[in-house]
Amino acid sequence: MTTTIAPNTTRELRYREAINEAIIQEMERDPDVIIMGEEIAGGAGREHLGIVDAWGGAFKTTVGLIQKFGSQRVKDTPLSEAAFVGTAIGAASTGLRPIAELMFVDFVGVCMDQILNNAAKMRYMYGGQVKVPFTLLTRIGAGTGSAAQHSESFYSIFSHIPGIKGVVPCDPYTAKGLLISAIRDDDPVVFFEHKLLYPETGPVPEEPYAIPLGKARIVKPGADITLVGISKMTLVCLEAAEKLQEEGLNAEVVDLMSISPIDYDLVLDSVRRTHRLVVVDEDTPRCSVASDICAAVADEGFDYLDAPPKKVTAPHTPVPYSRPLEGVYIPNCDRVMGVVRELLTGG
Amino acid sequence: MDMDPQALISLYRTMVTIRNFEEIGIYEMGQRRLSGSVHSSAGQEAVPTGICAHLTDSDSIASTHRGHGHCIAKGVDPKLMMAELFGRVTGTNKGKGGSMHIADMTKGMLGTNGVVAASVPLAVGAALTSSIKGTGQVSVAFFGDGGANQGVLHESMNLASVWKLPVLFVCENNQYAESTPVEYALSAENVADRGVGYNMPGVLVDGMDVFAVHEAAGAAVQRARSGQGPTLLECKTYRYYGHTVFDNPRSYRTEEEETYWRGRDPIQLFRTRTLEEGLLQASLLDSIDAEIEQLIRDAIKFADESPLPPEDDVYTDVYVEYPLDGLRRGASMTI
């Protein structure tokens with residue numbers, strides 16, 4: 001249960017660079033891997049003017065790919081998410097291993113039908129005749145002052161869909177390893193990049209490595225309470241754990257890493273030892289990954305618990321624009337500390 | 001007519017198979033009170049028949065909710081299709097899909113589809129695979145006059161044209177989206193007129209005349225295979241029955257109109273022309289009719305005698321790999 005998923009290297013990369021390296025290494029390994037999306041190179045079709053890779057992606061995660069692999073395998077698309085996501089799914093079911101990039105998860109509405117009704121269901125509906133090795137890269141996270149249509153963290157929607165897998169890396173090491181697994185996986189996987197993590201650095205092995213899908217990891221062992229973090233919220237949990245340590249409280253921090261499958265067993269095992277649970281989730285609170293984990297622990301770990309399972313999440317509102325409002329919206333260390341104190345001291 | 005007798009017979013067999021599958025099969029399903037929406041394509045046989053005659057098993061098609069004809073024309077075994085409609089484990093999809101999801105990847109049949117126009121980008125994706133791998137296959141996206149107004153179709157036509165992919169967009173304009181007449185819902189006079197907006201040929205075809213469809217499709221497939229990009233074909237046709245097997249089409253269309261279109265029946269038009277031109281013998285066509293009727297009755301017998309899926313099949317093939325526990329957890333399942 002206490003599998004250590006941690007890097008054994010001193011080489012540092014940014015989260016953004018780790019994603020880029022994973023894509024490059026998989027494209028080098030497998031000629032069937034292609035990537036398509038809006039602005040992934042930028043300035044498409046202007047090679048005659050000496051323009052290639054004008055942008056390298058809206059967040060520079062795909063920089064340098066087109067020079068390495070050419071425009072056959074690195075395809076800028078028109079602004080037509082339904083068409084190119086559906087095309088990637090069709091290509092996945094006929095022998096390629098495509099990656100498609102949806103610039104922000106908020107835009108999923110325009111292509112959700114292809115994900116929900118084709119990618120997720122084809123294998124089942126067709127009686128197992130087809131594999132859909134399709135990776136959807138997309139972005140989550142508030143805190144950029146970009147307001148409600150560029151800031152959501154709606155991974156819970158995907159966790160809800162049978163047939164879809166999803167991962168939520170919180171650091172460069174897991175970003176690379178989970179993306180390599182996502183690309184190699186024979187099922188549709190959504191890879192959620194948190195926008196605020198792009199400049200973060202951390203140790204990343206140079207050689208390709210795969211972190212298994214569906215596994216959580218303990219990033220800080222502890223005995224007094226279990227804090228489960230999802231994506232960037234794992235860093236908030238670690239920050240809270242550090243402060244609690246100063247107060248003599250020993251929190252265990254679990255990095256969920258995967259929102260489908262969900263590693264319920266690791267969380268239950270942790271709660272069996274700590275007797276208390278707080279799930280910290282930047283997504284909204286209803287029908288969410290956080291509420292699902294709390295429900296599973298209440299259902300299967302009722303006897304372990306000394307206090308009700310708790311969530312610290314965004315409120316049931318869209319993401320607001322103005323800084324103070326956005327600040328209130330995003331779960332932070334203070335909110336986590338408040339809930340932990342309440343659980344440990346009864347108020 | 002530059003088709004050899006074998007090719008002509010093949011067209012006829014396909015059309016008669018579709019007609020019998022739709023008329024006998026669906027009637028028998030009704031008799032057995034089998035569930036679900038089933039959409040008959042009787043009347044529209046010339047379209048998939050004329051198009052798919054140009055394709056091999058390695059070419060792909062993506063189909064619609066009214067897709068039995070596409071499956072048969074692409075070579076899917078009617079016996080396995082019937083078993084699928086009857087929910088049997090011997091069906092094309094092991095009883096997991098039913099009429100609106102019939103697929104046979106070994107025949108390049110990427111699935112009938114229950115969401116209007118949703119399968120269109122799948123055909124574009126198959127064309128992309130062919131284009132990147134350089135294997136020369138073409139693909140066909142079938143859709144109806146209802147699907148003609150879906151955004152994903154328009155995005156897909158634009159994308160396929162920008163990337164010059166080897167794909168045919170084939171509109172089966174059967175005059176109605178459920179009960180809504182095409183002249184009400186379509187802003188243009190013809191779906192084919194919209195080809196110009198995507199810089200591809202938009203070809204209007206008599207969808208009741210299998211020879212006309214065959215000729216137009218031949219040019220479009222040739223264009224696709226030679227790397228010149230996609231074509232939009234609009235085949236004007238007619239469905240003889242309701243939207244599903246449950247509705248009465250007389251609630252929205254006239255007897256006069258139905259009589260007109262039945263007067264242009266694709267199977268009868270084929271017979272008249274081939275017999276008048278002395279290309280085939282009536283006795284041969286009659287024997288094919290009898291043979292196909294028996295084939296469909298055998299398919300029904302096969303479906304009837306086939307086992308239903310075991311209950312724990314509910315968990316299979318959701319993913320290639322996933323913990324079983326993750327499918328059952330929290331659901332209080334009994335198996």
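The values are calculated or read from the model by the stated rules, or taken from the named source; none is laboratory data. All values reported here derive from a predicted model rather than from experimental measurement. Every residue, glycine as well, gets a Cβ built from its backbone with ideal geometry; the counts of neighbours run over all protein chains shown.
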| Which one is surrounded by the fewest Cβ atoms within 10 Å (Cβ to Cβ) among residues in the stretch B:137-156 that are among the polar types (S, T, N, Q) and within 12 Å of chain A (Cβ to nearest Cβ)? | B:Gln150
| field | Enumeration of residues in the stretch A:61-76 that are among the charged types (D, E, K, R) and within 8 Å of chain B (Cβ to nearest Cβ) | value | A:Arg73, A:Lys75
| said: Going through B:Thr56, B:Thr49 one at a time, which residue ends up being out of contact with any helix residue (DSSP H, G or I) (no Cβ under 6 Å at 6 or more places or on another chain) and β-branched (Val, Ile, Thr)? | reply: B:Thr56
| What residue, among those in the stretch A:130-150 that are over 18 Å from A:Glu81 (Cα atoms) and away from chain B (no Cβ under 14 Å), is surrounded by the most Cβ atoms within 10 Å (Cβ to Cβ)? | A:Ala142
| said: I want to confirm something. Restricting to the stretch B:90-136 and keeping residues that are within 8 Å of chain A (Cβ to nearest Cβ) and charged (D, E, K, R), which single residue is farthest from B:Ala160 (Cα to Cα)? | reply: B:Lys94
| For residues in the stretch A:106-129 being surrounded by fewer than 24 Cβ atoms within 10 Å (Cβ to Cβ) and either aliphatic (A, V, I, L, M) or touching a strand residue (DSSP E or B) at 6+ places or on another chain (Cβ under 6 Å) (or both), which is farthest from B:Thr64 (Cα to Cα)? | A:Val108
| request: Give me the pairs, please: first residue somewhere in the stretch B:315-335 and at positive phi and facing chain A (nearest Cβ under 10 Å), second residue anywhere and buried (at least 17 other Cβ atoms within 10 Å of the Cβ) and of a type in the set (Phe, Trp, Tyr), beta-carbon distance under 9 Å, and either six or more positions apart or on two chains. | output: B:Asp317/A:Tyr124; B:Asp317/A:Tyr126; B:Gly330/A:Tyr264
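Yes/no matrix, rows are residues, columns are (1) within 14 Å of chain B (Cβ to nearest Cβ); (2) touching a strand residue (DSSP E or B) at 6+ places or on another chain (Cβ under 8 Å); (3) within 17 Å of A:Met233 (Cβ to Cβ); (4) surrounded by fewer than 24 Cβ atoms within 10 Å (Cβ to Cβ):
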residue: A:Tyr264; (1), (2), (3), (4): yes, no, no, yes
residue: A:Leu268; (1), (2), (3), (4): yes, no, no, yes
residue: A:Thr274; (1), (2), (3), (4): no, yes, no, yes
residue: A:Leu277; (1), (2), (3), (4): no, yes, yes, no
residue: A:Pro285; (1), (2), (3), (4): no, yes, yes, yes
residue: A:Ala295; (1), (2), (3), (4): yes, no, no, yes
residue: A:Glu300; (1), (2), (3), (4): yes, no, no, yes
residue: A:Leu305; (1), (2), (3), (4): no, yes, no, yes
residue: A:Val312; (1), (2), (3), (4): no, yes, yes, no
| query | Among (1) within 11 Å of another protein chain (Cβ to nearest Cβ); (2) outside any loop (DSSP other than H, G, I, E, B); (3) surrounded by 18 or more Cβ atoms within 10 Å (Cβ to Cβ), where does A:Phe158 come up short? | reply | (1)
| task | Tell me which of these A:Glu326 doesn't satisfy, since it passes every other one: (1) on the phi > 0 side of the Ramachandran plot; (2) surrounded by fewer than 24 Cβ atoms within 10 Å (Cβ to Cβ). | result | (1)
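A quick yes/no check of all residues on (1) among the small types (Gly, Ala, Ser); (2) within 16 Å of B:Ser41 (Cβ to Cβ); (3) free of Cβ contacts under 8 Å to residues at least 60 places away in the same chain:
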position	(1), (2), (3)
B:His214	no, no, no
B:Ala219	yes, no, yes
B:Arg223	no, no, yes
B:Gly229	yes, no, no
B:Thr244	no, yes, no
B:Arg253	no, no, no
B:Glu256	no, no, yes
B:Tyr260	no, no, yes
| request: Might you check whether a residue that is surrounded by fewer than 24 Cβ atoms within 10 Å (Cβ to Cβ), within 23 Å of B:Pro309 (Cα to Cα) and within 14 Å of the chain's Cα centre (by Cα) occurs anywhere in the stretch B:80-93? | output: no
| field | Breaking point among (1) more than 14 Å from every other protein chain (Cβ to nearest Cβ); (2) surrounded by 13 or more Cβ atoms within 10 Å (Cβ to Cβ); (3) of a type in the set (Phe, Trp, Tyr); (4) not in a helix (DSSP H, G or I), for B:Phe246 | value | (2)
| query | Hey, among A:Ala54, A:Ala58, A:Ala41, which residue is surrounded by fewer than 24 Cβ atoms within 10 Å (Cβ to Cβ), in contact with an Asp or Glu (Cβ under 6 Å, 6 or more places away or on another chain) and more than 14 Å from every other protein chain (Cβ to nearest Cβ)? | reply | A:Ala58
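Restricting to the stretch A:296-327, what's the tally of residues that are part of a helix (DSSP H, G or I) and without any contact (Cβ under 8 Å) to a residue 12 or more places away in the chain?
Our first condition is that a residue be part of a helix (DSSP H, G or I); within the stretch A:296-327, this holds for A:296-300, A:302-304, A:323-327.
Imposing the further condition that a residue be without any contact (Cβ under 8 Å) to a residue 12 or more places away in the chain reduces the set to A:298-299, A:302-303, A:324-325, A:327.
Number of matching residues: 7.
Considering only residues of the stretch B:157-202 that are of a type in the set (Val, Ile, Thr) and surrounded by fewer than 17 Cβ atoms within 10 Å (Cβ to Cβ), which is nearest to B:Ile18 (Cα to Cα)?
Quick first cut of the stretch B:157-202, residues of a type in the set (Val, Ile, Thr) only: B:162, B:167, B:170, B:180, B:182, B:191, B:196.
Then drop every residue that is not surrounded by fewer than 17 Cβ atoms within 10 Å (Cβ to Cβ), which leaves B:180, B:196.
Working: B:Thr180: 25, B:Val196: 33 Å.
Within the stretch B:157-202, the match that is nearest to B:Ile18 (Cα to Cα) is B:Thr180.
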| field | Residues that are touching a residue at least 24 places away in the same chain (Cβ under 8 Å), farther than 22 Å from B:Ser131 by Cα and at the interface with chain B (Cβ under 7 Å from one of its Cβ atoms), drawn from the stretch A:77-121 | value | A:Asp113
| said: Suppose we filter A:Gly128, A:Gly95, A:Gly143 for residues that are touching a Gly at 6+ places or on another chain (Cβ under 9 Å) and assigned to a loop (DSSP other than H, G, I, E, B); which single one remains? | reply: A:Gly143
| Wholly enclosed helices (runs of 4 or more DSSP H) of the stretch B:7-122 bearing at least 1 residues at pLDDT 95 or above | B:46-52, B:68-73, B:78-85
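Out of everything in the stretch B:267-302 that is part of a helix (DSSP H, G or I) and among the polar types (S, T, N, Q), what residue ends up being nearest to B:Met29 (Cα to Cα)?
Let us first name the residues in the stretch B:267-302 that are part of a helix (DSSP H, G or I), namely B:267-276, B:282-302.
From what's left, among the polar types (S, T, N, Q): B:268, B:272, B:274, B:283, B:287, B:294.
Numbers: B:Gln268: 26, B:Thr272: 32, B:Thr274: 34, B:Ser283: 31, B:Ser287: 26, B:Gln294: 17 Å.
Once the filter is applied, the top-ranked residue is B:Gln294.
Taking the stretch A:169-185 as the search range and keeping residues that are in a loop (DSSP other than H, G, I, E, B) and within 18 Å of A:Ile23 (Cβ to Cβ), which one is farthest from the other protein chains (Cβ to nearest Cβ)?
In this case the residue turns out to be A:Asp171.
Could you tell me whether A:Leu196 is modelled with pLDDT of 95 or more, in contact with a Gly (Cβ under 8 Å, 6 or more places away or on another chain) and in the same structural domain as A:Ile35 (by TED's automatic domain parsing)? Walk me through it before giving the result.
Details: modelled with pLDDT of 95 or more: yes; in contact with a Gly (Cβ under 8 Å, 6 or more places away or on another chain): yes; in the same structural domain as A:Ile35 (by TED's automatic domain parsing): yes.
Yes: the conditions hold for A:Leu196.
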| query | Which one is surrounded by the fewest Cβ atoms within 10 Å (Cβ to Cβ) among residues in the stretch B:303-314 that are in contact (Cβ under 8 Å) with a residue 24 or more places away in the chain and part of a helix (DSSP H, G or I)? | reply | B:Glu311
